[in-house]
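Shown next, in structure tokens, is the structure this report addresses.
The values are calculated or read from the model by the stated rules, or taken from the named source; none is laboratory data. Nothing here was measured: the structure is a model prediction, and the numbers come from that model. Because the Cβ atoms are built from the backbone with ideal geometry, glycine has one as well, and the counts that use them run over all protein chains shown. Heads up: the accessible areas ignore ligands, DNA and RNA and are worked out on the full protein's heavy atoms, side chains in. Shrake-Rupley method; radii C 1.70, N 1.55, O 1.52, S 1.80 Å.
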Amino acid sequence: MATSTVLKKELHLVFTDATKQEVEIVVTFPKEGVTKTEIDTVGQLMVEKDVIRGRKDHPLTSFQHGTLVTTESTIVE
């Protein structure tokens with residue numbers, strides 16, 4: 001059996017919606033070298049431009065934080 005390793009990069013953005021519930025959005029993010037400032041800018045713009053909605057179509061009201069997460073998976077063939 002052959003195995004291979006796959007790295008998956010995700011951007012986890014956490015918002016608060018109009019009902020004060022936390023909403024986490026996970027985006028696959030292959031770009032290297034993303035800064036904290038860039039992550040914060042994306043989060044703020046998503047709220048300001050009403051790009052996406054929370055549960056039951058509630059608008060996102062504030063951006064809390066963002067984190068880049070890298071996961072490693074081993075595929076067995």
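Data table
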quantity	calculated
Listed residues Thr3, Thr37, Thr16: farthest to the positive end of the dipole of the chain (Cβ charges)	Thr16
Distance (nanometres) between label positions extended 7 Å along Cα→Cβ at Asp50 and Thr37	3.0 nm
Solvent-accessible area of Thr70 with every protein chain in place, 1.4 Å probe, in Å² to the nearest 10	80 Å²
Sparsely packed GluC sites (Glu not before Pro) within the stretch 1-68, loop by DSSP, other Cβ within 10 Å at most 15	Glu32
In nm, spacing of pseudo-spin labels at Val26 and Val6 (7 Å Cα→C-beta vector)	1.4 nm
Between helix 36-48 and the chain: long-axis angle, C-alpha atoms, 0 to 90°, nearest 10	50 degrees
Calculated FRET efficiency for the pair Val14/Ile75, C-beta based, R₀ 30 Å, to 0.05	0.55
Loop sites in the chain: trypsin sites (Lys or Arg not before Pro), DSSP, at most 14 other Cβ within 10 Å	Lys20, Lys31, Lys49
For the chain, size of Cβ-based charge dipole, Lys and Arg +1, Asp and Glu -1, in debye	140 debye
[x] 15.5, 51; [y] 14.1, 54; [z] 12.9, 40, with the label sought being that of the calculated Rg and Dmax of the Cα atoms in Å	[x]
